[in-house]
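As structure tokens, the structure follows; a few thoughts come after it.
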Amino acid sequence: MRILLIEDDKLIGDGLNVGLSKLGFVVDWIQNGFEGKEAVTQTAYDAVILDIGLPGQNGISILKEWREDGRPEPVLILTAQGDVNQRILGLESGADDYMSKPFSLKEVAARLNALTRRRYDVLTPIIKHGDITFNSQTKAVFLKNKQIVMSPKETLLYELLLMNKNKVLSKSVIEQKLYSWDDEILSNAIEVHVHNIRAKLGRNAIKTISKIGYQIGDL
């Protein structure tokens, strides 16, 4: 899932950027409030991590503008530890969740996964599709109870299709979800990922819709 991180503290931002990337998220990190506010209009993010004290424009002001504009992205607010008033203000301004600094990286990842599942109306971390079981917390894939080793991008792609079971996703939409601004995308990268997933999970694991895109297969 692709995450927008708006955090000006370089130590915290770098830790979240690197740590979440290792846990299977695609992260775009912005350190300025004005730039962060506009970033959501450029890319389809699954969730946003938003600090309150930002240069340029503070997080609460950004959040209020997003909600007034009808932006649906789930937002996880970062606040100073013990600042109850800021947490209340963040929730009343449209935040979906909050965490106090300092925090656990694993808890941030768990909360992001929960926000993403809620957005896609997926009620449990364990997603079953035919003989395939996917754990959205650990990113583990099982076929008939046997764990299947998949690359990070293959796992991201399969998770994306599972979260959108009834939708056909175009190649451009998939690329937006799988790659950050800093990634170099090969022209046939998505086709290669699809081929590899089919080789591991079966040729019907992903269905190609001619001239449109891809959809989770009928197993």
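The values are calculated or read from the model by the stated rules, or taken from the named source; none is laboratory data. Keep in mind that what you see is a predicted model, and the values were worked out from it rather than measured. Cβ: placed from backbone, ideal geometry, glycine included. Neighbour counts: every protein chain shown.
Residues that are within 15 Å of the chain's Cα centre (by Cα), in a loop (DSSP other than H, G, I, E, B) and not hydroxyl-bearing (S, T, Y) within the stretch 43-80 comprise A44, D46, P72, E73, P74, listed in sequence order. Of all residues being crowded, with 19+ Cβ neighbours inside 10 Å and within 14 Å of L23 (Cα to Cα) in the stretch 125-152, which is modelled with the highest pLDDT? Just the residue, please. Only one residue tops the list, namely M150. If I filter the stretch 28-41 for residues that are in a strand (DSSP E or B), on the phi < 0 side of the Ramachandran plot, without any contact (Cβ under 8 Å) to a residue 60 or more places away in the chain and outside the structural domain of M150 (by TED's automatic domain parsing), do I get at least one hit? Checked the stretch 28-41: at least one residue is in a strand (DSSP E or B), on the phi < 0 side of the Ramachandran plot, without any contact (Cβ under 8 Å) to a residue 60 or more places away in the chain and outside the structural domain of M150 (by TED's automatic domain parsing). Note on the stretch 177-211: residues that are more than 22 Å from the chain's Cα centre (by Cα), farther than 16 Å from K165 by Cβ and among the hydrophobic types (A, V, I, L, M, F, W, C) total 1. Across the stretch 40-54, the number of residues qualifying as among the hydrophobic types (A, V, I, L, M, F, W, C) and either surrounded by fewer than 19 Cβ atoms within 10 Å (Cβ to Cβ) or farther than 23 Å from A114 by Cβ (or both) comes to 2. Taken over the stretch 171-207, residues that are touching a Lys or Arg at 6+ places or on another chain (Cβ under 6 Å) and loosely packed, with under 12 Cβ neighbours inside 10 Å amount to 0. The numbered conditions (1) touching a residue at least 40 places away in the same chain (Cβ under 8 Å); (2) closer than 23 Å to G70 by Cβ are all true for L105 except (2).
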